[in-house]
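**Student:** Would you mind keeping the following structure in view while I ask a few things?
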Amino acid sequence: MTLPIFYILAMLSVFCALMVVVARKPVHSVLYLIACFFTIAGHYLMLNAQFLFAVHIIVYAGAIMVLFLFVIMLLNLNLESEPRKSVIARVAAVSTAGLLFLVLLAAVKSAEPVILDTSASGVGLVRHVGLKLYNEYMMPFEVSALLFLTAMVGAVKLGRKEATHS
Amino acid sequence: MQSLLVNHYIILATILFTIGVLGVLIRRNAIIVFMCIELMLNAVNLLLVTFSAMHNEAGGQVFVFFIMAVAAAEVAVGLAILVMIYRNVRSVDINRLNRIRW
């Protein structure tokens, strides 16, 4: 029963991801990326990871993509004269990515199929992830607070206009 | 009736990762390159969640949580850098950002 849902979601996410690369206007790319993130959130829900489903929507769709949209509107990039690479560079890029895909696929091909049964496991619930996070991964959690502080100070410092040139 | 396999998710994550690599290689707008990096991070996240569900182990999901935290911090700093570059160069075309090449 879950297989058709998986296929629909997978096709949607691949389509949206492709449109991020193909779309001409940056704003369209951002909107397709948001759609792609929503389909990935759907995959999390199918994998019974409710906590990550909520966090993914809040952090990616709610924070990161809004930041992207703000910057694109701020920079006024929605021009028709979007720079494009030369044909040779594009062909080289497509063939490189295709070769990378083939190599990764060849590594996966020999793996024996494992049936994924997520209906019974409650491993993605807030309770289990939280217990793991606050017991085993307490130290990285604290350090990530430091990382956020550093990022905030860095972003403010970089984003300021240099009024005084001292 | 086939059932859902772990291999399906591995292939999906591979496709998404490859599209991200393609976007980084093919586009010249720095913001879109940045978005494709986010796409690659998400492909890896999806793979981590899949393996976490396969092994019935919450550790993988905790790591996805940390990756999201680092991605948020990275986006904040990276977009600040992009805005600063735009202020100086009046463009976010990565082919024009070659001053530190030599």
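**Student:** What nm value, rounded to one decimal, do you get for the distance between A:Ala107 and A:Val22 when each label is placed 7 Å out toward the C-beta?
**Tutor:** Between A:Ala107 and A:Val22, the label points sit 2.8 nm apart.
**Student:** Would you check the accessible area of B:His8, probe 1.4 Å, heavy atoms only, in square angstrom rounded to 10?
**Tutor:** Only protein atoms counted, so the area is about 30 Å².
**Student:** Same structure again: Taking 1 over the mean of 1/r across every pair of different Cα atoms in the protein assembly as shown, what Kirkwood radius in Å do you get?
**Tutor:** When all Cα pairs of the protein assembly as shown are included, the Kirkwood radius is 19.8 Å.
**Student:** Using 0.36 nm per residue of separation minus the Cα-Cα distance, give me the extension gain between A:Leu100 and A:Ile58 in nm, one decimal.
**Tutor:** 11.9 nm
**Student:** With labels modelled as points extended 7 Å from the Cα through the Cβ direction, what inter-label distance (nm, one decimal) is found for A:Leu146 paired with A:Leu125?
**Tutor:** 3.5 nm
**Student:** Cα extents of the stretch B:3-99 along the three principal axes, largest first, in whole Å?
**Tutor:** Principal-axis extents of the stretch B:3-99 (Cα, largest first): 52, 25, 17 Å.
**Student:** For chain A, which whole-number percentage of the solvent-accessible area (1.4 Å probe, protein heavy atoms only) is attributable to carbon and sulfur atoms?
**Tutor:** On chain A, the fraction of accessible area on carbon and sulfur atoms equals 73 percent.
**Student:** Give the share of C-alpha pairs in each 10 angstrom bin for the stretch A:8-79, from 0 to the last occupied bin, in whole percents, shortest bins first.
**Tutor:** Using 10 Å bins, I get a P(r) of 21, 46, 27, 6, 0 for the stretch A:8-79.
**Student:** Another question, then. Between chains B and A, what is the buried accessible area in Å², counting both sides, with a 1.4 Å probe and ligands, DNA and RNA left out, to the nearest 100?
**Tutor:** The summed interface area works out to 7000 Å².
**Student:** What's the center-to-center distance, using Cα atoms, between the stretch B:26-60 and the stretch A:34-79 in Å?
**Tutor:** 12 Å
**Student:** Same structure, new question: How much solvent-accessible surface does B:Arg96 expose, in Å² to the nearest 10, with a 1.4 Å probe and all protein chains in place?
**Tutor:** The accessible area of B:Arg96 comes to roughly 130 Å².
**Student:** Average partner chain C-beta neighbours within 10 Å, per residue of A:60-68?
**Tutor:** Taking the mean over all residues of the peptide, I get 4.
**Student:** Then there is this: Can you tally the net charge around A:Ile34? Count Lys and Arg as +1, Asp and Glu as -1, for every other residue whose Cβ sits under 15 Å from the Cβ of A:Ile34.
**Tutor:** 0
**Student:** In the stretch A:7-27, what residues drop by 50 Å² or more of accessible area when the other protein chains are put back, versus the chain on its own? Use 1.4 Å, and skip ligands and nucleic acids.
**Tutor:** By number: A:Val14, A:Val21.
**Student:** Relative contact order (percent) for chain A, with alpha-carbon contacts under 8 angstrom and 6 or more residues of separation?
**Tutor:** Once normalised by length, the contact order is 21 percent.
**Student:** Could you pull out which residues in the stretch A:96-110 have an amide N less than 17 Å from a spot 7 Å beyond the Cα of B:Gln2, following the Cα-Cβ vector?
**Tutor:** The answer is A:105-106, A:108-110.
**Student:** Shifting gears a bit: Report the calculated FRET efficiency for B:Asn56 and A:Val153 (r = Cβ-Cβ distance, R0 = 41 Å), to the nearest 0.05.
**Tutor:** About 0.55, to the nearest 0.05.
**Student:** Could you give the nm distance between label points at A:Gln50 and B:Asp93, where each point is 7 Å from its Cα heading toward the beta carbon?
**Tutor:** Placing both labels 7 Å along Cα→Cβ, they lie 5.1 nm apart.
**Student:** OK, next. Accessible area per residue of the protein assembly as shown at 1.4 Å probe, in Å²?
**Tutor:** On a per-residue basis, 53 Å².
**Student:** Find the all-direction average of the projected area of the Cα convex hull for the stretch A:2-124, expressing the result in square nanometres with one decimal place.
**Tutor:** Computed as one quarter of the Cα hull surface, the answer is 9.7 nm².
The values are calculated or read from the model by the stated rules, or taken from the named source; none is laboratory data. Because the structure is a prediction, the values reported are computed rather than measured. With ideal geometry, Cβ positions are generated from the backbone for all residues, glycine too; neighbour counts draw on all protein chains shown. Surface accessibility is based on the protein's heavy atoms, side chains included, excluding ligands, DNA and RNA. Shrake-Rupley method; radii C 1.70, N 1.55, O 1.52, S 1.80 Å.
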